[in-house]
Amino acid sequence: MVPAVAQVLKHIRYKYACPCCRQGVKTAPVPPHILPKSKASPGLLAHIVTAKYVDGLPLHRQEAQFARLGIDLSRATMAGWIVKLGELVVPVINLLKEHLLKSSLIQCDETRLQVLKSEKAPTADHWIWVRTGGPAHRRIILFDHDPSRGGAVPLRLLEGFTGILQTDGYEVYSARLPRHEG
């Protein structure tokens, strides 16, 4: 097993000008970057997001791991990067929603989620709504958070959907959406 290695990538941007008159100064362009003006490489961002959302590793623990590697990377900085990345993937999520709503069958369910900082009490339930559909080889799974478990949520999440909806029988689905028998 080889432990992770952190590297500093240094981009040198030379300035060029006419050697005689020193006019027409040109600087090489900055390489394209996911988060301009940040020090985060795509590999670092992928590592942080995967550790948080796939491995369930909170940012304060990642901060401690980076510190053990001699890297000063605060959880506030990582949280800011995650927020910006979330904003960047909105067009992809919108495209996935579009394709999901065109499916002939959507499965939908909701489950409790505790949220510490919200308008509700820290012990109050919030909900994660899961929708999945599409062909087996291109399955789409979308998660949406809502503080409510009321009927307005599936109406919003399934707006424009005309196919078959498969659920666990929770009444907000059948009371608010067209029924399909069969």
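Exactly one residue out of LEU101, LEU116 is of a type in the set (A, V, I, L, M), on the phi < 0 side of the Ramachandran plot, in the same structural domain as ARG149 (by TED's automatic domain parsing) and surrounded by 11 or more Cβ atoms within 10 Å (Cβ to Cβ): that is LEU101.
Hey, among LEU9, LEU95, LEU44, which residue is out of contact with any Gly (no Cβ under 6 Å at 6 or more places or on another chain), surrounded by 13 or more Cβ atoms within 10 Å (Cβ to Cβ) and either not assigned by TED's automatic domain parsing to the domain that holds LEU155 or not in a strand (DSSP E or B) (or both)?
On the way: LEU9 fails: surrounded by 13 or more Cβ atoms within 10 Å (Cβ to Cβ); LEU95 fails: surrounded by 13 or more Cβ atoms within 10 Å (Cβ to Cβ).
Result: LEU44 is the single residue among LEU9, LEU95, LEU44 that is out of contact with any Gly (no Cβ under 6 Å at 6 or more places or on another chain), surrounded by 13 or more Cβ atoms within 10 Å (Cβ to Cβ) and either not assigned by TED's automatic domain parsing to the domain that holds LEU155 or not in a strand (DSSP E or B) (or both).
Give me a count of the residues in the range 2-44 that are more than 27 Å from the chain's Cα centre (by Cα) and either among the charged types (D, E, K, R) or closer than 19 Å to LYS84 by Cβ (or both). Of the residues in the range 2-44, 5 are more than 27 Å from the chain's Cα centre (by Cα) and either among the charged types (D, E, K, R) or closer than 19 Å to LYS84 by Cβ (or both). Checked against the criterion of being under 26 Å from HIS47 (Cα atoms), β-branched (Val, Ile, Thr) and either assigned to a strand (DSSP E or B) or at pLDDT 90 or above (or both), the candidates VAL130, VAL153 yield just one match: VAL130. Number of residues in the range 7-33 that are within 24 Å of ASP72 (Cα to Cα) and among the polar types (S, T, N, Q) equals 1. Could you list, in sequence order, all residues of the range 156-179 that are surrounded by 15 or more Cβ atoms within 10 Å (Cβ to Cβ), assigned to a helix (DSSP H, G or I) and more than 25 Å from the chain's Cα centre (by Cα)? Residues satisfying the conditions are VAL172, TYR173.
The values are calculated or read from the model by the stated rules, or taken from the named source; none is laboratory data. In this text, all values refer to a predicted model and were calculated from it rather than measured experimentally. In this analysis, Cβ positions are derived from the backbone assuming ideal geometry, glycine residues included, and neighbour counts consider all displayed protein chains.
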